[in-house]
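The values are calculated or read from the model by the stated rules, or taken from the named source; none is laboratory data. Just so you know, these numbers come straight off a predicted model, no measurement behind them. Positions of Cβ are backbone-derived with ideal geometry, glycine not excepted, and every protein chain shown enters the neighbour counts. Areas reflect the complete protein model, heavy atoms only, side chains present, ligands, DNA and RNA absent. Shrake-Rupley method; radii C 1.70, N 1.55, O 1.52, S 1.80 Å.
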Amino acid sequence: MIGVIADDVTGATDVAVALRRGGLRTVLYFATPPPGEISPEETGPSEYEAAVIALKTRTIEPSAAVAQSLAALDWLRRRGAGQIYLKFCSTFDSTSAGNIGPVLDALADALDVPMVAMTPSSPEHGRTQYQGYLFVGNVLLSESHMRDHPLTPMTDSYLPRVLAGQSAHRAGVVPLREVRDGPAAVQRRLAELRTESFRYALVDAVDQGDLATAGQALATEPLVAGAAGLAGGLAAATAGSETAPEADTVDMSGTAVVLAGSCSARTLAQLKAMIDAGRPAYRLDALADPDPESLAAGALDWFSGLPGGVGAPLIYSSLEPSRLRLVQQALGRERSATIMETAIGLVARTLVSRHGVTRVIAAGGETSGAVVKALGVTGGLIGAEAARGVPWIFAPGVTLLLKSGNFGEADLLLNASAQQPDSR
Ligand SMILES: Nc1ncnc2c1ncn2[C@@H]1O[C@H](COP(=O)(O)OP(=O)(O)O)[C@@H](O)[C@H]1O
Ligand SMILES: O=C(O)[C@@H](O)C(=O)COP(=O)(O)O
(Lines give C-alpha, C1' and ligand atoms only; values in the text may rest on other atoms or scores of the structure.)
(Ligands and ions follow the chains in the order given, each with its own letter.)
Protein backbone atom coordinates (compact mmCIF):
# COMPACT_ATOMS: atom_id res chain seq x y z
CA MET A 1 0.00 0.00 0.00
CA ILE A 2 1.13 3.57 -0.76
CA GLY A 3 0.62 5.88 2.22
CA VAL A 4 0.43 9.57 1.31
CA ILE A 5 0.98 12.48 3.66
CA ALA A 6 -0.38 15.62 1.99
CA ASP A 7 0.56 19.06 3.28
CA ASP A 8 -2.83 20.53 2.46
CA VAL A 9 -6.38 19.45 1.78
CA THR A 10 -6.67 20.34 -1.91
CA GLY A 11 -3.31 18.68 -2.50
CA ALA A 12 -4.71 15.56 -0.83
CA THR A 13 -7.75 15.45 -3.10
CA ASP A 14 -5.51 16.08 -6.12
CA VAL A 15 -3.15 13.23 -5.23
CA ALA A 16 -6.00 10.90 -4.23
CA VAL A 17 -7.62 11.23 -7.62
CA ALA A 18 -4.25 10.80 -9.38
CA LEU A 19 -3.72 7.51 -7.52
CA ARG A 20 -7.23 6.38 -8.35
CA ARG A 21 -6.76 7.29 -12.00
CA GLY A 22 -3.54 5.26 -11.90
CA GLY A 23 -5.61 2.22 -10.96
CA LEU A 24 -5.27 2.11 -7.15
CA ARG A 25 -8.24 1.80 -4.80
CA THR A 26 -7.72 4.89 -2.66
CA VAL A 27 -9.13 6.17 0.63
CA LEU A 28 -8.91 9.77 1.88
CA TYR A 29 -8.76 11.05 5.47
CA PHE A 30 -8.94 14.71 6.48
CA ALA A 31 -6.63 14.22 9.47
CA THR A 32 -4.68 11.34 10.93
CA PRO A 33 -7.33 9.00 12.35
CA PRO A 34 -6.94 7.96 15.98
CA PRO A 35 -4.86 4.76 16.35
CA GLY A 36 -6.82 1.70 15.29
CA GLU A 37 -9.89 3.61 14.13
CA ILE A 38 -11.55 2.54 10.91
CA SER A 39 -13.60 5.31 9.32
CA PRO A 40 -17.21 4.68 8.28
CA GLU A 41 -16.09 4.96 4.65
CA GLU A 42 -13.54 2.22 5.05
CA THR A 43 -14.76 -1.35 4.79
CA GLY A 44 -11.47 -3.02 5.61
CA PRO A 45 -7.74 -2.37 5.37
CA SER A 46 -7.17 -4.79 2.52
CA GLU A 47 -9.76 -2.96 0.41
CA TYR A 48 -7.33 -0.14 -0.31
CA GLU A 49 -4.03 0.08 -2.18
CA ALA A 50 -3.48 3.75 -1.29
CA ALA A 51 -4.40 5.84 1.74
CA VAL A 52 -4.10 9.64 1.72
CA ILE A 53 -3.97 11.69 4.91
CA ALA A 54 -4.68 15.38 4.40
CA LEU A 55 -2.85 17.61 6.85
CA LYS A 56 -2.72 21.41 7.00
CA THR A 57 1.00 21.74 7.52
CA ARG A 58 2.17 23.84 4.59
CA THR A 59 2.59 27.11 6.45
CA ILE A 60 2.48 26.23 10.16
CA GLU A 61 5.52 26.22 12.47
CA PRO A 62 8.06 23.66 11.17
CA SER A 63 8.15 21.79 14.49
CA ALA A 64 4.36 21.35 14.43
CA ALA A 65 4.46 20.27 10.77
CA VAL A 66 7.11 17.67 11.62
CA ALA A 67 5.17 16.33 14.61
CA GLN A 68 1.92 16.00 12.62
CA SER A 69 3.69 14.39 9.66
CA LEU A 70 5.42 11.84 11.91
CA ALA A 71 2.08 10.95 13.50
CA ALA A 72 0.62 10.40 10.02
CA LEU A 73 3.67 8.30 9.09
CA ASP A 74 3.20 6.16 12.17
CA TRP A 75 -0.49 5.56 11.41
CA LEU A 76 0.17 4.71 7.77
CA ARG A 77 2.97 2.28 8.60
CA ARG A 78 0.79 0.54 11.18
CA ARG A 79 -1.83 0.16 8.47
CA GLY A 80 0.70 -1.56 6.24
CA ALA A 81 2.02 1.22 3.99
CA GLY A 82 5.20 -0.08 2.35
CA GLN A 83 5.87 3.17 0.51
CA ILE A 84 5.39 6.68 1.88
CA TYR A 85 4.74 9.66 -0.41
CA LEU A 86 5.00 13.23 0.83
CA LYS A 87 2.64 15.30 -1.33
CA PHE A 88 3.66 18.93 -1.67
CA CYS A 89 2.42 21.56 -4.08
CA SER A 90 3.22 21.56 -7.80
CA THR A 91 4.44 25.13 -7.30
CA PHE A 92 6.67 23.98 -4.39
CA ASP A 93 4.70 26.25 -2.01
CA SER A 94 6.79 26.73 1.11
CA THR A 95 8.34 29.45 3.24
CA SER A 96 12.03 30.10 3.84
CA ALA A 97 11.76 27.93 6.99
CA GLY A 98 9.89 25.06 5.38
CA ASN A 99 7.97 22.97 5.56
CA ILE A 100 9.04 20.69 2.72
CA GLY A 101 12.65 20.44 3.99
CA PRO A 102 12.00 19.89 7.71
CA VAL A 103 9.24 17.35 7.06
CA LEU A 104 11.35 15.41 4.54
CA ASP A 105 14.30 15.44 6.95
CA ALA A 106 12.11 13.98 9.68
CA LEU A 107 10.48 11.34 7.45
CA ALA A 108 13.83 10.26 5.98
CA ASP A 109 15.36 10.01 9.47
CA ALA A 110 12.39 8.02 10.79
CA LEU A 111 12.53 5.60 7.87
CA ASP A 112 16.35 5.58 7.79
CA VAL A 113 16.34 6.45 4.08
CA PRO A 114 19.59 7.82 2.63
CA MET A 115 18.15 9.32 -0.57
CA VAL A 116 14.75 10.79 -1.40
CA ALA A 117 13.75 11.55 -4.99
CA MET A 118 11.03 14.07 -5.75
CA THR A 119 9.54 16.31 -8.39
CA PRO A 120 6.80 18.96 -8.35
CA SER A 121 6.29 18.40 -12.08
CA SER A 122 2.61 18.23 -13.07
CA PRO A 123 2.59 18.84 -16.84
CA GLU A 124 -1.21 18.60 -17.04
CA HIS A 125 -1.31 21.78 -14.93
CA GLY A 126 1.60 23.40 -16.76
CA ARG A 127 4.19 22.71 -14.04
CA THR A 128 7.43 21.33 -15.42
CA GLN A 129 10.92 20.92 -13.99
CA TYR A 130 14.00 21.30 -16.22
CA GLN A 131 17.61 21.37 -14.96
CA GLY A 132 16.22 21.77 -11.47
CA TYR A 133 14.23 24.91 -12.39
CA LEU A 134 10.46 24.93 -11.96
CA PHE A 135 8.31 26.43 -14.68
CA VAL A 136 4.66 27.45 -14.45
CA GLY A 137 3.31 27.50 -17.99
CA ASN A 138 6.04 29.13 -20.03
CA VAL A 139 7.57 31.26 -17.27
CA LEU A 140 9.80 30.49 -14.32
CA LEU A 141 8.06 29.94 -10.98
CA SER A 142 9.47 33.23 -9.65
CA GLU A 143 7.95 35.13 -12.57
CA SER A 144 4.54 33.47 -12.23
CA HIS A 145 1.54 34.55 -10.15
CA MET A 146 3.12 32.54 -7.30
CA ARG A 147 5.42 35.45 -6.49
CA ASP A 148 2.30 37.21 -5.13
CA HIS A 149 0.90 34.33 -3.05
CA PRO A 150 -0.53 35.57 0.29
CA LEU A 151 1.34 33.03 2.46
CA THR A 152 4.04 31.39 0.34
CA PRO A 153 5.36 33.89 -2.20
CA MET A 154 7.79 31.94 -4.41
CA THR A 155 10.68 34.11 -5.53
CA ASP A 156 13.32 31.50 -6.47
CA SER A 157 12.77 28.95 -9.24
CA TYR A 158 15.90 26.82 -8.66
CA LEU A 159 14.58 24.06 -6.41
CA PRO A 160 17.85 22.62 -5.01
CA ARG A 161 18.55 26.12 -3.64
CA VAL A 162 15.02 26.49 -2.24
CA LEU A 163 15.31 23.12 -0.51
CA ALA A 164 18.84 23.88 0.74
CA GLY A 165 17.35 26.87 2.56
CA GLN A 166 15.02 24.55 4.44
CA SER A 167 17.32 21.58 5.19
CA ALA A 168 20.92 20.98 6.21
CA HIS A 169 21.09 18.15 3.65
CA ARG A 170 22.28 18.57 0.06
CA ALA A 171 19.89 18.47 -2.89
CA GLY A 172 20.95 17.54 -6.43
CA VAL A 173 19.23 17.12 -9.78
CA VAL A 174 18.41 14.15 -12.01
CA PRO A 175 18.59 15.95 -15.35
CA LEU A 176 16.09 15.35 -18.13
CA ARG A 177 18.60 13.57 -20.37
CA GLU A 178 19.01 10.81 -17.73
CA VAL A 179 15.23 10.57 -17.33
CA ARG A 180 14.88 10.18 -21.09
CA ASP A 181 17.44 7.32 -20.93
CA GLY A 182 14.94 5.35 -18.83
CA PRO A 183 14.37 4.06 -15.29
CA ALA A 184 17.78 2.37 -14.98
CA ALA A 185 19.56 5.65 -15.84
CA VAL A 186 17.51 7.47 -13.19
CA GLN A 187 18.46 4.85 -10.60
CA ARG A 188 22.16 5.14 -11.60
CA ARG A 189 22.05 8.92 -11.17
CA LEU A 190 20.38 8.55 -7.76
CA ALA A 191 23.12 6.12 -6.69
CA GLU A 192 25.78 8.62 -7.84
CA LEU A 193 24.16 11.42 -5.88
CA ARG A 194 24.03 9.19 -2.82
CA THR A 195 27.77 8.47 -3.00
CA GLU A 196 28.38 12.22 -3.33
CA SER A 197 26.50 12.71 -0.01
CA PHE A 198 23.37 14.22 -1.49
CA ARG A 199 20.21 13.26 0.37
CA TYR A 200 17.65 14.76 -1.98
CA ALA A 201 17.25 14.53 -5.73
CA LEU A 202 14.96 16.75 -7.79
CA VAL A 203 13.96 14.80 -10.87
CA ASP A 204 13.41 16.73 -14.10
CA ALA A 205 10.13 15.92 -15.83
CA VAL A 206 8.41 17.88 -18.57
CA ASP A 207 5.77 15.44 -19.79
CA GLN A 208 3.69 12.48 -18.64
CA GLY A 209 6.22 10.06 -20.14
CA ASP A 210 8.94 11.49 -17.88
CA LEU A 211 6.69 10.98 -14.84
CA ALA A 212 5.97 7.40 -15.92
CA THR A 213 9.73 6.76 -16.19
CA ALA A 214 10.35 8.30 -12.78
CA GLY A 215 7.46 6.22 -11.36
CA GLN A 216 9.08 3.03 -12.65
CA ALA A 217 12.49 4.04 -11.32
CA LEU A 218 11.10 4.82 -7.85
CA ALA A 219 8.43 2.13 -7.50
CA THR A 220 10.24 0.30 -4.70
CA GLU A 221 11.68 3.32 -2.84
CA PRO A 222 10.42 3.55 0.75
CA LEU A 223 10.05 7.35 0.62
CA VAL A 224 9.24 9.52 -2.40
CA ALA A 225 7.92 13.09 -2.61
CA GLY A 226 6.32 15.45 -5.06
CA ALA A 227 3.08 16.71 -6.52
CA ALA A 228 0.25 14.57 -7.86
CA GLY A 229 2.04 13.89 -11.16
CA LEU A 230 4.75 11.62 -9.76
CA ALA A 231 2.22 9.90 -7.48
CA GLY A 232 0.30 9.04 -10.65
CA GLY A 233 3.52 7.66 -12.15
CA LEU A 234 4.09 5.49 -9.08
CA ALA A 235 0.48 4.28 -9.15
CA ALA A 236 0.77 3.31 -12.79
CA ALA A 237 4.04 1.45 -12.09
CA THR A 238 2.45 -0.35 -9.12
CA ALA A 239 -1.00 -1.06 -10.51
CA GLY A 240 0.29 -2.50 -13.78
CA SER A 241 -2.53 -2.88 -16.28
CA GLU A 242 -5.38 -2.22 -13.81
CA THR A 243 -7.94 0.32 -15.00
CA ALA A 244 -9.12 3.12 -12.73
CA PRO A 245 -12.09 2.18 -10.56
CA GLU A 246 -15.39 3.76 -11.61
CA ALA A 247 -16.08 7.17 -9.98
CA ASP A 248 -19.47 8.29 -8.68
CA THR A 249 -20.93 11.43 -10.25
CA VAL A 250 -22.39 14.19 -8.11
CA ASP A 251 -26.08 14.77 -7.48
CA MET A 252 -26.74 18.40 -8.47
CA SER A 253 -29.92 18.72 -6.42
CA GLY A 254 -29.72 20.32 -2.99
CA THR A 255 -28.46 23.71 -1.91
CA ALA A 256 -24.93 24.69 -2.90
CA VAL A 257 -22.62 27.49 -1.83
CA VAL A 258 -19.19 28.66 -3.00
CA LEU A 259 -16.69 29.79 -0.34
CA ALA A 260 -13.48 31.31 -1.69
CA GLY A 261 -10.29 32.42 0.04
CA SER A 262 -7.79 31.79 -2.71
CA CYS A 263 -6.29 34.97 -4.15
CA SER A 264 -4.80 33.24 -7.20
CA ALA A 265 -5.38 34.72 -10.64
CA ARG A 266 -7.30 31.59 -11.67
CA THR A 267 -9.68 31.78 -8.73
CA LEU A 268 -10.24 35.51 -9.26
CA ALA A 269 -11.26 34.73 -12.85
CA GLN A 270 -13.63 32.00 -11.61
CA LEU A 271 -15.21 34.42 -9.12
CA LYS A 272 -15.64 37.01 -11.86
CA ALA A 273 -17.44 34.40 -13.98
CA MET A 274 -19.88 33.78 -11.12
CA ILE A 275 -20.48 37.48 -10.53
CA ASP A 276 -20.84 38.19 -14.27
CA ALA A 277 -23.44 35.42 -14.44
CA GLY A 278 -25.50 37.28 -11.81
CA ARG A 279 -24.84 35.03 -8.84
CA PRO A 280 -25.28 36.79 -5.48
CA ALA A 281 -21.86 37.54 -4.00
CA TYR A 282 -20.75 38.73 -0.55
CA ARG A 283 -17.19 39.82 0.23
CA LEU A 284 -15.76 39.37 3.70
CA ASP A 285 -13.91 42.61 4.45
CA ALA A 286 -11.38 42.25 7.27
CA LEU A 287 -10.34 45.91 7.01
CA ALA A 288 -13.89 46.98 7.87
CA ASP A 289 -14.28 44.32 10.57
CA PRO A 290 -11.35 42.17 11.72
CA ASP A 291 -13.45 40.00 14.05
CA PRO A 292 -14.06 36.62 12.35
CA GLU A 293 -17.26 35.95 14.31
CA SER A 294 -18.97 39.16 13.31
CA LEU A 295 -17.61 38.86 9.76
CA ALA A 296 -19.23 35.43 9.55
CA ALA A 297 -22.44 36.72 11.17
CA GLY A 298 -22.69 39.46 8.51
CA ALA A 299 -22.31 36.89 5.73
CA LEU A 300 -24.90 34.59 7.29
CA ASP A 301 -27.43 37.44 7.68
CA TRP A 302 -26.90 38.27 4.02
CA PHE A 303 -27.39 34.62 3.06
CA SER A 304 -30.62 34.39 5.07
CA GLY A 305 -32.02 37.42 3.25
CA LEU A 306 -31.42 36.05 -0.26
CA PRO A 307 -34.58 35.55 -2.30
CA GLY A 308 -35.24 32.09 -3.78
CA GLY A 309 -34.28 31.23 -7.33
CA VAL A 310 -31.15 33.42 -7.51
CA GLY A 311 -28.67 30.54 -7.92
CA ALA A 312 -26.01 29.34 -5.54
CA PRO A 313 -24.29 32.28 -3.86
CA LEU A 314 -20.66 33.12 -3.40
CA ILE A 315 -19.05 34.22 -0.12
CA TYR A 316 -15.42 35.20 -0.55
CA SER A 317 -12.42 36.99 0.90
CA SER A 318 -10.27 36.76 -2.24
CA LEU A 319 -8.54 39.93 -3.38
CA GLU A 320 -6.18 40.83 -6.19
CA PRO A 321 -2.50 41.32 -5.13
CA SER A 322 -2.49 45.14 -4.71
CA ARG A 323 -5.58 45.17 -2.45
CA LEU A 324 -4.40 42.07 -0.58
CA ARG A 325 -1.14 43.88 0.26
CA LEU A 326 -3.11 46.72 1.89
CA VAL A 327 -4.95 44.25 4.14
CA GLN A 328 -1.72 42.44 5.03
CA GLN A 329 0.03 45.75 5.82
CA ALA A 330 -2.83 46.80 8.09
CA LEU A 331 -3.47 43.50 9.89
CA GLY A 332 -0.36 41.37 9.27
CA ARG A 333 0.00 38.51 6.81
CA GLU A 334 -0.71 35.64 9.17
CA ARG A 335 -3.35 37.41 11.23
CA SER A 336 -5.36 38.48 8.20
CA ALA A 337 -5.19 34.94 6.77
CA THR A 338 -6.34 33.46 10.08
CA ILE A 339 -9.23 35.93 10.31
CA MET A 340 -10.41 34.96 6.83
CA GLU A 341 -9.99 31.23 7.33
CA THR A 342 -11.81 31.34 10.67
CA ALA A 343 -14.68 33.38 9.25
CA ILE A 344 -15.09 31.09 6.22
CA GLY A 345 -14.99 28.02 8.48
CA LEU A 346 -17.73 29.48 10.68
CA VAL A 347 -19.85 30.31 7.65
CA ALA A 348 -19.44 26.77 6.27
CA ARG A 349 -20.38 25.16 9.57
CA THR A 350 -23.51 27.26 10.06
CA LEU A 351 -24.69 26.96 6.46
CA VAL A 352 -24.50 23.15 6.63
CA SER A 353 -25.88 22.74 10.15
CA ARG A 354 -28.65 25.36 10.05
CA HIS A 355 -29.38 26.47 6.49
CA GLY A 356 -29.72 23.18 4.66
CA VAL A 357 -26.61 23.53 2.48
CA THR A 358 -25.57 20.10 1.22
CA ARG A 359 -22.89 20.96 -1.37
CA VAL A 360 -19.93 23.11 -0.35
CA ILE A 361 -17.48 24.27 -3.00
CA ALA A 362 -14.33 25.79 -1.51
CA ALA A 363 -11.56 27.57 -3.41
CA GLY A 364 -8.06 27.55 -1.94
CA GLY A 365 -6.02 24.94 -0.09
CA GLU A 366 -5.75 26.64 3.30
CA THR A 367 -9.33 27.82 2.93
CA SER A 368 -10.52 24.28 2.18
CA GLY A 369 -8.58 23.03 5.21
CA ALA A 370 -10.43 25.53 7.40
CA VAL A 371 -13.78 24.47 5.90
CA VAL A 372 -13.17 20.75 6.41
CA LYS A 373 -12.01 21.32 9.97
CA ALA A 374 -15.01 23.51 10.83
CA LEU A 375 -17.39 20.93 9.35
CA GLY A 376 -15.72 18.18 11.36
CA VAL A 377 -15.45 15.96 8.28
CA THR A 378 -12.99 13.14 8.90
CA GLY A 379 -12.87 11.47 5.50
CA GLY A 380 -14.67 10.88 2.29
CA LEU A 381 -15.05 8.87 -0.87
CA ILE A 382 -13.51 10.26 -4.02
CA GLY A 383 -16.00 10.91 -6.78
CA ALA A 384 -15.75 12.09 -10.36
CA GLU A 385 -13.53 15.08 -11.23
CA ALA A 386 -15.22 18.45 -11.78
CA ALA A 387 -11.90 19.56 -13.27
CA ARG A 388 -8.56 17.81 -13.63
CA GLY A 389 -7.26 17.16 -10.10
CA VAL A 390 -10.46 18.44 -8.47
CA PRO A 391 -12.70 15.51 -7.48
CA TRP A 392 -16.03 15.66 -5.69
CA ILE A 393 -15.70 14.24 -2.18
CA PHE A 394 -18.65 12.40 -0.67
CA ALA A 395 -18.59 12.82 3.11
CA PRO A 396 -21.34 11.94 5.57
CA GLY A 397 -24.04 14.65 5.25
CA VAL A 398 -22.21 16.88 2.79
CA THR A 399 -20.68 16.79 -0.67
CA LEU A 400 -17.49 18.79 -1.06
CA LEU A 401 -15.48 20.23 -3.92
CA LEU A 402 -12.13 21.43 -2.60
CA LYS A 403 -10.39 23.35 -5.32
CA SER A 404 -6.76 24.30 -5.45
CA GLY A 405 -6.58 28.03 -6.04
CA ASN A 406 -4.84 27.51 -9.36
CA PHE A 407 -6.94 24.70 -10.81
CA GLY A 408 -9.93 24.60 -13.11
CA GLU A 409 -11.25 26.60 -16.05
CA ALA A 410 -12.96 29.98 -15.58
CA ASP A 411 -16.44 28.40 -15.38
CA LEU A 412 -15.56 25.71 -12.81
CA LEU A 413 -17.12 27.34 -9.74
CA LEU A 414 -20.16 28.49 -11.69
CA ASN A 415 -20.84 25.00 -13.06
CA ALA A 416 -20.00 23.12 -9.88
CA SER A 417 -22.49 25.22 -7.92
CA ALA A 418 -25.31 24.94 -10.46
CA GLN A 419 -28.42 23.65 -8.76
CA GLN A 420 -31.90 22.61 -9.69
CA PRO A 421 -34.26 25.66 -9.77
CA ASP A 422 -36.33 24.58 -6.76
CA SER A 423 -33.34 23.86 -4.50
CA ARG A 424 -33.56 27.09 -2.56
N1 LIG B 1 -8.62 39.43 1.92
C2 LIG B 1 -7.66 38.69 2.46
N3 LIG B 1 -6.74 39.24 3.27
C4 LIG B 1 -5.75 38.50 3.81
N5 LIG B 1 -5.59 37.19 3.60
C6 LIG B 1 -6.49 36.59 2.79
C7 LIG B 1 -7.55 37.30 2.19
N8 LIG B 1 -8.28 36.46 1.47
C9 LIG B 1 -7.71 35.27 1.60
N10 LIG B 1 -6.61 35.34 2.38
C11 LIG B 1 -5.77 34.22 2.81
O12 LIG B 1 -4.93 33.82 1.73
C13 LIG B 1 -4.67 32.44 1.86
C14 LIG B 1 -4.94 31.81 0.50
O15 LIG B 1 -4.43 30.52 0.54
P16 LIG B 1 -5.25 29.29 0.00
O17 LIG B 1 -6.62 29.25 0.56
O18 LIG B 1 -4.38 28.09 0.22
O19 LIG B 1 -5.37 29.57 -1.55
P20 LIG B 1 -4.46 28.96 -2.75
O21 LIG B 1 -5.04 27.62 -3.07
O22 LIG B 1 -4.62 29.93 -3.87
O23 LIG B 1 -3.05 28.83 -2.25
C24 LIG B 1 -5.58 31.88 2.94
O25 LIG B 1 -4.87 31.72 4.15
C26 LIG B 1 -6.62 33.00 3.07
O27 LIG B 1 -7.24 33.05 4.35
O1 LIG C 1 -0.01 20.34 -6.45
C2 LIG C 1 -0.86 21.20 -6.57
O3 LIG C 1 -0.74 22.21 -7.29
C4 LIG C 1 -2.12 21.09 -5.74
O5 LIG C 1 -2.42 19.76 -5.44
C6 LIG C 1 -1.95 21.79 -4.46
O7 LIG C 1 -1.23 21.39 -3.58
C8 LIG C 1 -2.73 22.98 -4.36
O9 LIG C 1 -2.48 23.83 -3.24
P10 LIG C 1 -3.32 25.18 -3.17
O11 LIG C 1 -3.00 25.98 -4.39
O12 LIG C 1 -2.92 25.86 -1.90
O13 LIG C 1 -4.77 24.80 -3.16
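Worth a mention:
- On a per residue basis, the convex hull of the C-alpha atoms belonging to the chain measures out at 125 Å³.
- Note on CYS263: accessible area is roughly 30 Å² with a 1.4 Å probe, heavy atoms of protein only.
- Cα-centre dipole for the chain with unit charges at Cβ (Lys and Arg positive, Asp and Glu negative), debye to 20: 320
- Using a probe of 1.4 Å, the accessible surface attributed to LYS272 totals some 120 Å² when neighbouring protein chains are kept in position.
- When the solvent-accessible area of segment 2-239 is split by element, carbon and sulfur atoms take up 51 percent of it, the probe being 1.4 Å.
- Applying 0.36 nm per residue to the separation of ARG349 and ASP301 and subtracting their alpha-carbon distance, the gain on full extension is 15.9 nm.
- Between helix 321-331 and the chain: long-axis angle, C-alpha atoms, 0 to 90°, nearest 10: 80
- The angle between the Cα long axis of helix 183-195 and the main principal axis of the chain comes to about 80°, on a 0 to 90 degree scale.
- Probe 1.4 Å - accessible area at GLU143, Å² to nearest ten: 100
- Using R0 = 30 Å, the C-beta based FRET efficiency linking ASP109 and ASP156 works out to 0.75.
- Residue by residue, segment 56-61 carries 3J(HN,Hα) couplings of 10, 10, 5, 10, 7, 3 Hz when phi is fed to the Karplus relation 6.51 cos²θ - 1.76 cosθ + 1.60 (θ = phi - 60°); x denotes Gly or Pro.
- Estimated 222 nm signal from helices in the chain, with DSSP H stretches of n ≥ 4 weighted -39500 (n - 2.57), rounded to 500: -12000 deg cm²/dmol
- Within segment 255-416: Cβ-based charge dipole about Cα centre, in debye rounded to nearest 20 (Lys, Arg +1; Asp, Glu -1): 180
- What separates the Cα centres of segment 260-287 and segment 93-148 is a distance of 28 Å.
- The angle separating the long axis of helix 62-78 from the principal Cα axis of greatest extent in the chain is about 70 degrees.
- Accessible surface, per residue, of segment 255-416 when the full set of protein chains is kept, probe 1.4 Å, Å²: 38
- Cα gyration tensor category, rounded, prolate or oblate, for segment 255-416 with a/c compared to 1.5: rounded
- For the chain, built as a Gaussian network whose Cα springs stay under 10 Å, the top-fluctuating residue of PRO313, PRO34, PRO153: PRO34
- Per residue, in Å², the accessible surface of segment 2-239 once ligands and nucleic acids are set aside, probe 1.4 Å: 35
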